[in-house]
Structure formats: C-alpha cells, structure tokens
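J.: Structure incoming, see below.
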Amino acid sequence: MACTVVPNAIFRNGNSIPMIGLGTWNSPPGQVAQAVKDAIDVGYRHIDCAHVYQNEHEVGEGIAAKIAEGVVKREDLFVTSKLWNTFHRPDLVEGACRTTLKNLKLDYLDLYLIHWPVGYKEGPELFPMGPDGQTFQFSDADYVDTWPEMEKLADAGLVRNIGLSNFNVKQIQRVLDVARIAPATNQIECHPYLHQSKITSFCAGQGLITTAYSPLGSPARPWVKADDPVLLDDETVGKLAQKYGKTAAQILIRYQIQLGHVVIPKSVTKERIVSNFDVFSFQLDDGDVKLLAGLERNGRICPESSAFGHPHHPMSVKATLVTLNDGKKMPVLGLGTYNLRGQSCVDAVKTAIEAGYRHIDTASLYGNEVEVGQAIREKIDDGTVKREDMFVTTKLWNTSHETSQVREAFDASLANLNLGYVDLYLMHSPVAAAVNTNGETILTQFDYVTTWKAMEKLLDTGRVRSLGVSNFNSEQLRRVIENGTVKPVTNQVECHVRLNQKKLIRFCKDREIVVTAYSPLVRPGATLGLDDPKSPKPAFEDDRVVAVAQRYHKTPAQVMLRYLVDIGAVPIPKSGNPDRIRENLNIFDFELTPEEVLSLDSLHTGQRLVKFDSAAAHPFYPFDADAAMSKQVPSVRLSNGYDIPVVGYGTYLALEGRGVELVKKAIDIGYRHIDTAYLYENEKEIGQAIREKIAEGVVRREDLFVTSKLWHSLHDPQHVEEAFRRSFDMLDIGYIDLYLMHAPMGLKFAGFEYADMQQKDADGNLLFSDVDYVDTWKAMEKLVASGRVRSIGLSNFNSEQIQRILDVATVKPVNNQVEANPGYDQRKLIAFCKARGITVTAYGPMGRPHRATYGNRSAIDDPKVLEIGQKYGKTAGQIIMRYLIDIGSIPIPYSTNDERMRQNLDVCDFKLTDAEIEYMASFHSSRTSPFLQYKSHKYFPFDIEF
C-alpha cells in the first residue's frame, strides 16, 4: 500500500516523534517480530517497547529484518524503550539501558523513559515478592536521583531523548525542578473512559508531549473482568464509527491525535495494524470530540496495583488533608479499628500504612490500643513512616468522665499506644457511667461540660495535640463551645448514605468543627432492621450507588466513601481485609457531580446502626436531637382538624435566587411551616427546595405545612381558579396546606404575570377594583372541593371584614395572617379570632428589621427584655417570638442568618410569666406596615381599632 505521511509532534528540544506508533505491550510471544515487520511495511516509523514487556529481542529482530531488506534505515525509525522499576538505583541505570540496546540490536534509542516513578527491590525479579509471597518489595531509590543518570545517557549518545511514563503532576514537577535536560514526554494511559485532562493540560503547559497508551481500552488485558465495560463496544463510539465509515478503533485513535497526543495502539494482527494506521484521511467534528470526552468515567485499566503502598505511586491513594480549627491537619480518610483485635489488628494497621493510610482511629473501649501502637511503631522502625507522618486518634470512655479520672484514663491510653503523643483525643460520648462494686456499669449524670474542661488541661501536657468529641448532638456541641475555652476540632458520629448527617455537618462546619464518620459503609448487607417487603436494599446493592460505581469504574464502597468526603465528612472505614483496606483508600482520583451527590442524598432514611439504647433514658442521650428541633415546635389544631406548627418560616423579602437555599436551610434546621405568596415571586423556588428535601429523605410531604396567597389583582371570581393553579403548579408539591386571600382590597386585573400585579395611573396611584372580597371568598371555597388545597383563610382582614365572611361562608376561614409584633401586638384581634375558631399568623414579628422601633422604644435593645432573655438563656429576639406565641399567635419570621433562623425556632422550651407578658405588651404603639397606598380603598382594613 502507499505509505501515509504521518505528522510529527515536536519535542521542546526540537526533535520530533511520529504521532502514531506501534505498541508492543502484552503482545503474544513469537508474534512480535512479524508485527513489527508488518507495521514498518504499512508505514509505521515509531515502535514503542519496554524491558518489562520481555519481547525487546523480537522487536529488534523485526527492525533488523526491515533494515536489512532496505525498507527503512535506522534513522527513519523512532524507537522508544523504558527503564524498569528494579533499575532505579542510579548505578543500575546505564546497565539497564545497554541491556535494552543489546536486545533491540541498536546503537541508540530515540526515546528512553522512566517506566514508573516507583522503585522495586533491585535484583533479577521484575516483580520482587517478600517471603509471604504476597507483598511486593520496594526500593528506597527516588526517581529524582534516577533522572540525572538518564541525562547522562543522553550526554553519552545512548539515547536521543529522555522522558517519563505514568508520572503524576507533582512527580513531573519534582523532575522539572532538578532537571538539566527536561523530560520530552509523559506516556500515560489515555482514552475516552480516562481522559486525563488535568495532567495532559499540565504537560502541555510545561512543554511535554503526552503519549497515550491503551488508546483502545486494552480489551485483552490479562486482568480484565467479565463485567468490565468495553470501550470498543461503547454505543457512542459505535455511532461515530458509522457516521465516518470507520472502525471503532480508528475513531479512538483519531481522537487522541486530535487532542495533540502521540498514540501507540497495540496489535499483532496485520489487518488491525493496517486499519489502525489509516486515521489521517478524516477528522472528527468538534461536537464529536466533545461526545467522546463526555464518556469520562475514571475508567483506569492499568493502575499498577503491585505498587500500591509505595510512597511514589502516581495514582496517589494518599488521603488529602483537612485543616482543623487549631491549625493541625488531619487526613480526610482513616482506618477504623473497632472490633479488630490481636494480631489481626496489627496486620490490618500495618497493611493500611503500607497502602498509604496516615490516619488511624482507635479507642480505650476497643481494647486494641496496644496492637495499634505496636503496628505503627513497627512501620516507623522499618522506615515506612515517621511518627510525625501519622495522625492517631483515641477516646476517653464513659466510665472515666469525672474530673479526677480524665488524666488517668488518658495516661493509660498513651502508655498503651506508646507513641509519644496522641494527635486527637475524643470524649467518646456525652453519657457518663461508672462501674459499681459488683463490676456492673451504671449510668451517672456527671456533666460532660465538666469532663471537657478536664480534657482541656491535657493540652498543657504537650502529649495530646487536639481535642474533640464523639456522638454529640448540636445542642451538646453548643454547650461545650459556650462553656469551654477550647473548641472541639471534630465530632465523630455515625455517618453514611442511610444517615448522612447533613444537618449536623452543616452545623459543625459553621463552627469550624470537622465531622468524622464512623460506620461509613453502613456495614455490608445491613438494611437497618427494616424487615417489611418495602425496606430498602442494602446500600451496596442500591441501583443509585451501583450506577455511580459503574460510571467511575469504582466499587460501591468507594462511591459511598467518596460521597461522605464530598459532603464534608472524614470517613474512617474499618476492615481487616488487605484488598478492601487498599480499595477504601483509592477514592481520591474522582469526585461526584452535584447531581450524583443529590441522587445519593435520596438514600437517606435517618436510621441508625448504633443507637446506645441502654442510655436512652439518660438526660444527655444524644440521639433524640435529630427529631428534637422539629418536635420542640408544637402545632395548633385548625378548626377543620388540620394542624399548623406554631412557628413558621416567612419568605417575604427572600431575593430571587435565594429561595431554594434559604428554605432548604430552614427545613434542615427544623422548620415544618413555610409561608410564601404569589406576590413574593418565589413559589417556584420554594417548591424546588421542598421537593429536594423530600428527595433527600429529610422530610416527607405530610410533615410540612405550606401556605400561599391570592394576590389583590386576582380577586375577580373568574380569575381565582387560574391564580390558584399557577401557584399550585409553581410549588409543585402535590397540594397546598393553606391558601389565603392576601388582603380584602382588590386591584385592577391586567393579567396573571408578575408585571401585571400592581397597575397604576399616570400619577403613580394604584388602580383599585370594586370586587367584593365576599365574592372572592365564595370562589375560594370551590378550591377546597378540588382536593388541591386543605384549608383556606384570610390575611390583613379586620374584625368586621372577618365577620362578613363568616356570615356567608360555607367553608370557614381557619386563619387570618396579620402584622403582629410587640409594637402592634393585635391582642384584641387575636381574642376576636380565637372566639370564632380562627388562628392568627403573625408576619413581621420583629417589626421588620429596618423598622425595629415602636414609638420611641425598641424591644430588641430594651434592657428589661435583655434581662428576661438572660433569665431563660435566650436572645431578645427569642423573647419577642415567645411573647407572640404566648398571646396566641403563630409567628413566621424571615431571616437569612443561620444562627437567627435557629434561634427563631428555638422558642418552645420556655414560657413567659404573666408579668413578663404584660411588660412586652407595653411596647404596643403602631403598625410598621400601614398600607397607606391603599388608604382610599373602600375595603381598606386599618381604619378601625381591630
């Protein structure tokens, strides 16, 4: 066939390399020489080989035959080989190169690469094993010491160019930092399932050419599994092959060339060798290149697993670090050791350290501190790690909470570990206990705050670096922070896809506390005790987990661990199985998309594996807190039998784009009553937030009470149904709990769009409607029959207007929403409504943030109100909220501040005295929302006392 002219890539030194070459890895013995000869006949001038492939002598035979035939001259060819891992020691580099040259029957190499950054034990074995026949033996040689010897090969003319293979960004940079001759290329696995965009972009920026091996996905690799995805069979690749009239292999090879990569597909079949070379007669469209890039799934097929645990392994399984609030750093993944005992514990910890773990978690309770310490010391002694490389956690058990016991318990743990110091010491639980004279453990009510203060003194010894807690809820953390002098750096809790602790994680993050996740894998096979046919599958088998695992070519366990890292937790999976220990750490080469995180959020059921049932009656039992926030907000019964929570979250003034974030936050905090309106232009966002929290399993639809309102310009009975439908559709939550007429005043109708809501005349005055609100009410009554709204009510109606409605109503209003705050407390209207079975919702309960004064007095800053707050351990704002509840209203405060949102809800654990209520009533003065632009309307409600 006619020889295709192959374009070249240009190295930074001006030398060139053909863009396509013949790969020889995994080629069957006895077929390589013929494959090389066939390739040269076709037009290949670039041959890639390596010492470890054990076929360089055959490659040399093929090259020599074609030179002898006169088909090519030596200078026409570009031959690459690689320095194997057992020859990294500087004194071995030249000898290894000369052996390759001898096998290839060549005087020089065009390109010589360091095959991997990892060094293996020097000797004749390519993959040296330890005495156990399972553990690979590594060399101490550092590749930055190997590189100068590579440079000497270039100086001596033995090689024309030198480069790297399988190096990551940091490793390339280390070489560049010491290089006299910069590397020309980095040869890495590269194909649509493993795009490697970060490293290839880095290489391009540093002047290194990327060479792509396994561009076809290496379907014949020795370790392939039956269920592994096959790139050549990918539907997208197949469709592109049909489009261009090419083979799938040609599409994949062309893809690499268009990315600017040198590509080295391997084959020994002449037809495929010919086909693979025929890739220069077409070009992929930009859109098709993007399609192939979209196949990324972290589908690495050549992980060099034999080198896992080597400090220079490039697919780094070393956990990244999180900075604690005291400045110390903790690896974001650790090894849990609960239930590991004896030699199995020692072996597990040593395996973990060899794999790259630097964070080990133990506890006095586990009874294995001695073994954990032994394993770590042995790995220090053999040079694998230094003590300062390790982060070791242990814990104070419940029976040592008393002040006099804390130091003794810590000293015992430190002696067991025998590591000089402890990186992190945790209070294992807020529940204290003691051992009685019969050897029985009994619960005591010793205060964990006092225990924490005793733990703080341990820092003065210099033998513990950081302090934290475990199994604490948010209120217990708050008490520790408020009463201690040292803030906990972490709270270690049960955390997994079935109990994702996102509320607690957010709470802790706001206070610079890291959440450490124990039992992060839910325990394989656990369904959390749900025995009915509808119980969820074990998380490992859940379709949502499996789908993500398949996309990234990871195991379900790895996906579940990555999920926890991505939501802000530090998982500490426990395993004694060496393969699983290594697997659990290999989660730092991919990240979940926000959509995938949201999908896994939906696995949350809120159910625990570890319940500490024996302490359930203890006053410091921590696990009632998840439900406590929502349970602490009681409901009142409406006249039609439905319940409405006595505190809600108002969304008026929520700026466009913030509604989703704020309502999700409110639901996480514990609000179950959300108030919105067509006027607020945020119903769509409110609905989205509610649907997302339902999907996450945080709430069910029936847990929430949602209010919306009919706007003034839509009072005409013929418009009511359509106005409601629009609110209903924008919320999209199945039904609306309460639909209110926003005010008795009608405005001129101009349409249903937001821009139509407030029509004005040439002078800027609102255009009123004469529609009678009684007629509007009759149209609203029909909505109830549709089943799409549970209850209907009013807003901004005075007592006379309410009575007019009651006189004609067939469906009684259950609620009247009005301004109510200490400055205008509406006590007379509340009493009027109460006598008629109508609840009152209080908007603007703080008097509006920008109008916080009532006459000449401000309740927020009033010394007496602040004094009342101190009495109850509350803020002035909480006293105002409680006042409104105590006089019979339902406040719906709006805030964007996390802490204020929590405070506004945390008002149901105390009541004001009669004297305190009367003092709060003394602020009564005037409205902050007088609706003066409606003053001339025939149905203006504020012209009478109430």
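The values are calculated or read from the model by the stated rules, or taken from the named source; none is laboratory data. Predicted model only: the values in this text are computed from it and were never measured. Cβ placement follows ideal geometry from the backbone for every residue including glycine, while neighbour counts extend to all protein chains displayed. SASA here: full protein model, heavy atoms, side chains in, ligands and nucleic acids out. Shrake-Rupley method; radii C 1.70, N 1.55, O 1.52, S 1.80 Å.
J.: What's the total number of residues in the range 38-86 that are in contact (Cβ under 8 Å) with a residue 60 or more places away in the chain and more than 46 Å from the chain's Cα centre (by Cα)?
T.: Residues flagged as in contact (Cβ under 8 Å) with a residue 60 or more places away in the chain and more than 46 Å from the chain's Cα centre (by Cα) within the range 38-86 amount to 6.
J.: Residues of the range 109-148 being closer than 22 Å to residue 210 by Cα and outside any helix (DSSP H, G or I), which ones?
T.: Passing the criteria: 109, 110, 111, 112, 113, 114, 115, 116, 117, 118.
J.: Within the range 152-161, how many residues turn out to be open to solvent by 10 Å² or more (accessible area, probe 1.4 Å) and in a helix (DSSP H, G or I)?
T.: Selection size over the range 152-161: 3.
J.: Turning to a different aspect of this structure: Can you work out which of the residues in the range 630-676 that are hydroxyl-bearing (Ser, Thr, Tyr) and open to solvent by less than 20 Å² (accessible area, probe 1.4 Å) is nearest to residue 505 (Cα to Cα)?
T.: Ranking the candidates gives 671 first.
J.: Exactly one condition in (1) within 30 Å of residue 600 (Cβ to Cβ); (2) of a type in the set (Asp, Glu); (3) open to solvent by 40 Å² or more (accessible area, probe 1.4 Å); (4) not in a helix (DSSP H, G or I) is not met by residue 763; state its number.
T.: (1)
J.: Shifting gears a bit: Hey, among the residues in the range 264-302 that are touching an Asp or Glu at 6+ places or on another chain (Cβ under 7 Å) and under 22 Å from residue 211 (Cβ atoms), which one's surrounded by the most Cβ atoms within 10 Å (Cβ to Cβ)?
T.: 264
J.: Need pairs with beta-carbon distance below 8 Å; first residue on the phi > 0 side of the Ramachandran plot and within the range 446-465, second modelled with pLDDT of 95 or more and not basic (Lys, Arg); sequence gap 6+ or separate chains.
T.: From the range 446-465, the pairs are 462/421.
J.: Would you be able to tell me the number of residues in the range 1-32 that are under 16 Å from residue 269 (Cβ atoms), hydrophobic (A, V, I, L, M, F, W, C) and crowded, with 20+ Cβ neighbours inside 10 Å?
T.: 2
J.: When only residues in the range 340-352 that are open to solvent by 10 Å² or more (accessible area, probe 1.4 Å) and assigned to a helix (DSSP H, G or I) count, which is farthest from residue 139 (Cα to Cα)?
T.: By that ranking, first place goes to 342.
J.: If you don't mind, another one. Tell me, please, whether a residue that is open to solvent by 60 Å² or more (accessible area, probe 1.4 Å), at pLDDT below 85 and under 25 Å from residue 194 (Cα atoms) can be found in the range 576-588.
T.: No, the range 576-588 contains no residue that is open to solvent by 60 Å² or more (accessible area, probe 1.4 Å), at pLDDT below 85 and under 25 Å from residue 194 (Cα atoms).
J.: Could you figure out which of (1) free of Cβ contacts under 8 Å to residues at least 12 places away in the same chain; (2) under 29 Å from the mean Cα position of the chain (by Cα) isn't true of residue 155?
T.: (2)
J.: Are there any pairs, at least 6 apart or on different chains, whose C-beta atoms fall under 8 Å, with the first in the range 221-239 and modelled with pLDDT under 95 and the second of a type in the set (Lys, Arg), and if so, which?
T.: Going by the 8 Å Cβ cut-off, the qualifying pairs are 229/297.
J.: Here are the criteria: (1) at pLDDT below 95; (2) open to solvent by less than 10 Å² (accessible area, probe 1.4 Å). Tell me which single one residue 736 does not satisfy.
T.: (1)
J.: Just to be sure before I move on: is residue 94 in contact (Cβ under 8 Å) with a residue 24 or more places away in the chain, of a type in the set (Asp, Glu) and under 19 Å from residue 306 (Cβ atoms) in the structure I sent?
T.: no
J.: Just the residues that are crowded, with 24+ Cβ neighbours inside 10 Å and among the hydrophobic types (A, V, I, L, M, F, W, C), please, taken from the range 678-689.
T.: Correct list: 686 only.
J.: Still on this structure: Which numbered condition trips up residue 394, out of (1) among the hydroxyl-bearing types (Ser, Thr, Tyr); (2) assigned to a helix (DSSP H, G or I); (3) at pLDDT 95 or above?
T.: (2)
J.: Got a number for residues in the range 930-946 being closer than 26 Å to residue 767 by Cβ and surrounded by fewer than 16 Cβ atoms within 10 Å (Cβ to Cβ)?
T.: 9
J.: Name the residue, out of 375, 355, that is of a type in the set (Gly, Ala, Ser), under 28 Å from the mean Cα position of the chain (by Cα) and buried (at least 16 other Cβ atoms within 10 Å of the Cβ).
T.: Of 375, 355, the one residue that is of a type in the set (Gly, Ala, Ser), under 28 Å from the mean Cα position of the chain (by Cα) and buried (at least 16 other Cβ atoms within 10 Å of the Cβ) is 355.
J.: Considering only residues of the range 218-263 that are assigned to a loop (DSSP other than H, G, I, E, B) and charged (D, E, K, R), which is nearest to residue 26 (Cα to Cα)?
T.: Per the stated criteria, the residue is 221.
J.: How many residues are without any contact (Cβ under 8 Å) to a residue 60 or more places away in the chain and surrounded by 17 or more Cβ atoms within 10 Å (Cβ to Cβ) when one looks only at the range 408-432?
T.: The qualifying residues number 10.
J.: If the requirement is being open to solvent by 10 Å² or more (accessible area, probe 1.4 Å), assigned by the TED database to the domain that holds residue 877, at pLDDT 95 or above and outside any helix (DSSP H, G or I), which of these qualifies: 793, 837?
T.: Exactly one of 793, 837 is open to solvent by 10 Å² or more (accessible area, probe 1.4 Å), assigned by the TED database to the domain that holds residue 877, at pLDDT 95 or above and outside any helix (DSSP H, G or I), namely 837.
J.: Related question: Hey, among 323, 337, 362, which residue is closer than 28 Å to residue 508 by Cα and open to solvent by 40 Å² or more (accessible area, probe 1.4 Å)?
T.: Result of the check over 323, 337, 362: 323.
J.: For the range 68-77, check the following and say yes or no: at least one residue is among the acidic types (Asp, Glu) and buried (at least 19 other Cβ atoms within 10 Å of the Cβ).
T.: No: the range 68-77 contains no residue that is among the acidic types (Asp, Glu) and buried (at least 19 other Cβ atoms within 10 Å of the Cβ).
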